Amino acid sequence: MTSTPKLTRQSFEETSDVVRTRRSSRRSLFRRLVIFQIKLFADGVRDLVLSPISFVVAGIGILFGGRNPHAGFDRLMQAGHITDNWIDLFGHHASHGDRPSLEGMIDEVEQALRDDHARGGVTAEAERHFRILAEELRRRASGSDRQSFAE
């Protein structure tokens with residue numbers, strides 16, 4: 001029987017590249033929070049989907065399973081395991097190289113947005129419009145401009 005090492009805050013921080021490399025700023029903390037919330041949402045959606053499916057698959061196995069009533073349920077459990085590794089809610093698998101993951105997909109989207117912004121694309125144009133709107137709202141709030149938005 002093998003024993004599982006106890007996961008403490010110190011051992012997690014010592015072994016997690018994710019935690020070590022992202023301790024530099026409030027911005028990185030906010031990024032981690034957003035990614036964690038996305039992962040929690042994905043995990044919840046997966047649970048909502050798998051719960052009713054598990055009853056159906058188990059029912060089929062019980063009623064029509066023949067010699068191996070567990071086969072369908074075992075496949076469902078394997079799919080759950082794969083999605084659990086892909087979501088990687090608490091970053092336990094973050095150091096396992098280039099395996100597909102939700103966080104990796106988020107990183108790719110973030111990089112694509114950064115590249116688009118650097119080229120002056122849609123994200124840069126949107127940022128420019130938001131800055132103009134924010135400046136207009138600041139002017140109106142300070143009372144220096146009495147014009148309406150319709151003008």
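The values are calculated or read from the model by the stated rules, or taken from the named source; none is laboratory data. All of these numbers come straight from a predicted model, not from anything done at the bench. Positions of Cβ are backbone-derived with ideal geometry, glycine not excepted, and every protein chain shown enters the neighbour counts.
Okay, here's what the table says:
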read-out	value
Selected residue (criterion: nearest to the chain's Cα centre (by Cα)) from residues of the range 62-91 that are hydrophobic (A, V, I, L, M, F, W, C) and over 18 Å from Val45 (Cα atoms)	Phe73
Lone unmet requirement of (1) more than 18 Å from Gly80 (Cα to Cα); (2) without any contact (Cβ under 8 Å) to a residue 24 or more places away in the chain; (3) of a type in the set (A, V, I, L, M, F, W, C) for Val45	(1)
Condition broken by Leu113, with the remaining ones in (1) modelled with pLDDT under 90; (2) aliphatic (A, V, I, L, M); (3) surrounded by fewer than 13 Cβ atoms within 10 Å (Cβ to Cβ) satisfied	(3)
Extreme residue, modelled with the lowest pLDDT, among residues of the range 16-51 that are among the basic types (Lys, Arg) and part of a helix (DSSP H, G or I)	Arg20
Residue count for the range 56-81, restricted to those that are closer than 30 Å to Ser101 by Cβ and assigned to a helix (DSSP H, G or I)	14
Scope the range 35-82; condition aromatic (Phe, Trp, Tyr) and buried (at least 16 other Cβ atoms within 10 Å of the Cβ); matching residues	Phe73
